[in-house]
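The values are calculated or read from the model by the stated rules, or taken from the named source; none is laboratory data. Just so you know, these numbers come straight off a predicted model, no measurement behind them. Glycine also receives a Cβ, built like all others from the backbone with ideal geometry; neighbour counts cover every protein chain displayed.
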Amino acid sequence: MVRSATGRCRRGQYSLALVLALPVMVGIAGLAIDVSFKRVGQAEIQAAADAASRSGTGFLDGTDDGVAKALAVTELVLTRNTVAGEPVDVDDARIQTGSWADDGFTVSSDPSEINAIRVTIEGGAGAWIGGMLGSPWLSMAATSTSVAGGAGVVECPLPMAMPSCEFDDLESMCNTDLTVIYSPAPTDNIGWALMDQTNVNANDVRNQIVGCSTTAEGSVDGLVSLGNGQVTTALQELTSVLNDANETYLTDWDASWGTLGAQSSKSSVKATVYGKVALVGQIPLFDEDSYCPGGGKFNEKSLPVDGFATVAVFDVANKGGDKWVKMRVLCDIDLDTQGGGSMAGTWANPTVVY
């Protein structure tokens, strides 16, 4: 059989085309590998930053020792993560301590203010095809800020509030009793309060006590309105809750909270339940130093909330000339919530905020 010259020519053209196209195909494949490699590396470097910042914030407790432990743990977690197959070099990272509030991070070295850690990592890896094209390095970077410290968000805040400056000396507040006086004319700096409401009225306060129907959630980016009126119906509602030992809102008195003193003769709570149950919840702390020391008028509107404290309400007087509420401040309370609040004994889980 005679082979045509035309067939041989075509095969030669195909071979030539393949030779010419091969570098292009290899280059495209190489670029795809580089792009995929960078994406994987970027995910790894972000994961390393998130893990380090989140791990460190769990040790922030408002003390120098807490900050030192937080930084040490942050560095340790960094070195245990890998990017592109290599351990993260601490020298490639910048670790900053600071405060997180109003959705912003401010660098700080004051332990009493520090509730967040920011980790920034700048690194990369060698490129495969990029090196042939004059770009031998695949740059990667990540920033992660985690916040912990005091609770920044709580569900169903109790309809009371007090200034956060009361907790400047946290140890002196833990397991202490507070008496909120509503009558005779109060001079204290704690009273009825509602978050994200224009006015503090009896119906809203009462509804918040029994059903959280006024404010389902409170956060440090919210505002609180104060009112120090007697609101007798709210006091009666609070008494009714405490007197119903089977009420689902109540918590059995925990021995770790300490013991209570003798019940006041003016108490409206049944003697059979006094010291056995309590209404436990979080109250907003507002940022207004003029209320410390001593009391204020407690009728301000729209004060910024900068944290939450956990209290156990255990006694109420709602009759006669003396009307008051007694509560115990609880500390070392861990909530499964976002941090960012001031240090008041109620701690949040470390959370990556960005």
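Here are some notes:
- One residue alone among 250, 238, 242 is within 14 Å of residue 159 (Cα to Cα), surrounded by 14 or more Cβ atoms within 10 Å (Cβ to Cβ) and aliphatic (A, V, I, L, M), and that residue is 238.
- First in region 338-349 and surrounded by fewer than 24 Cβ atoms within 10 Å (Cβ to Cβ), second anywhere and outside any strand (DSSP E or B) and acidic (Asp, Glu), Cβ under 7 Å, 6 or more apart: 345/332; 349/336
- Filtering region 79-95 to residues that are in a helix (DSSP H, G or I) and within 16 Å of residue 139 (Cα to Cα) leaves 91, 92.
- Taken over region 216-241, the criterion of being in a helix (DSSP H, G or I) and either touching a residue at least 40 places away in the same chain (Cβ under 8 Å) or outside the structural domain of residue 347 (by TED's automatic domain parsing) (or both) is satisfied by 232, 234, 235, 236, 238, 239.
- Positions within region 201-215 being touching a residue at least 40 places away in the same chain (Cβ under 8 Å) and either touching a strand residue (DSSP E or B) at 6+ places or on another chain (Cβ under 7 Å) or of a type in the set (Lys, Arg) (or both), in sequence order: 204, 205, 208, 214, 215
- Residue check: residue 302 meets all listed conditions (1) within 25 Å of residue 256 (Cα to Cα); (2) modelled with pLDDT under 85; (3) among the polar types (S, T, N, Q) but one, namely (1).
- When residues of region 49-75 are limited to those that are part of a helix (DSSP H, G or I) and touching a Gly at 6+ places or on another chain (Cβ under 9 Å), the one nearest to residue 151 (Cα to Cα): 57
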